[in-house]
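Participant: This is the structure I want to talk about, given as structure tokens.
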Amino acid sequence: MSSSNGYKTKQRRAILDFLMENKESHVTVSRISDHLRDEGTQVGVTTIYRHLDKLLEQGLVRKYTVDGSTSACFQYCDPTGACSEHFHLKCERCGRLLHLRCEHVSQMCGHIYEEHGFKINLCRTVLYGVCSECAEKEGETE
């Protein structure tokens, strides 16, 4: 039985390593599965979800869902909690994830709480749009 546990640990480590290598991105289970298969590690989708659930419980991974029809995305999160103190910006073109550390956003969060009694969950707050690099490539300007 220990070889089975060792295999599960190897799978979990491979998943976590991939998430850590791609910590600036939100990745889907499909992308994780494709990567593992390309690396020669066959892991079923159900098993990937099971490992991700455990990583979520341990606070090593964050899950993002946009709506009921889009696949959930996962991101490695810094165990120090540094990634939970700001908004995230997600480029809809290249998929890049930017960390928005901005005093204006902090002030907005304070205003929303003080004036509207609503505390924003920064761990789950993602703003979608187009990053400056993609906009520049496509000649878009404001």
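Participant: Suppose R0 equals 35 Å; then what is the FRET efficiency for Cys94 and Arg37 from their Cβ-Cβ distance, rounded to the nearest 0.05? Write out the running numbers ahead of the final one.
Facilitator: On the way: r = 23 Å, r/R0 = 0.67.
My answer for the efficiency is 0.90.
Participant: When all protein chains stay in place, what accessible area (Å², nearest 10, 1.4 Å probe) is found for Lys54?
Facilitator: Accessible area, nearest 10 Å²: 100 Å².
Participant: Let me ask something additional. Return the loop-located trypsin sites (Lys or Arg not before Pro) in segment 6-44 (DSSP other than H, G, I, E, B) with at most 16 other Cβ atoms within 10 Å of their own Cβ; answer none if there are none. Present the calculation step by step, with values, prior to reporting the outcome.
Facilitator: Details: sites: Lys8, Lys10, Arg12, Arg13, Lys23, Arg31, Arg37; in loops: Lys23.
Here the trypsin sites (Lys or Arg not before Pro) that fit, given the DSSP loop and packing criteria, are Lys23.
Participant: Which chymotrypsin sites (Phe, Trp or Tyr not before Pro) in segment 100-129 sit in a loop by DSSP (not H, G, I, E or B) and have at most 14 other Cβ atoms within 10 Å of their own Cβ?
Facilitator: Phe118
Participant: Quick one: if you stick a label point 7 Å off each Cα along the C-beta vector at Lys63 and Arg50, how many nm between them?
Facilitator: Between Lys63 and Arg50, the simple spin-label model gives 1.6 nm.
The values are calculated or read from the model by the stated rules, or taken from the named source; none is laboratory data. These numbers were taken from a predicted model, which means no experiment stands behind them. All Cβ positions, even for glycine, are placed from backbone atoms using ideal geometry, and neighbour counts span all protein chains on display. Side chains are part of the model used for accessible areas, which takes the heavy atoms of the whole protein and leaves out ligands, DNA and RNA. Shrake-Rupley method; radii C 1.70, N 1.55, O 1.52, S 1.80 Å.
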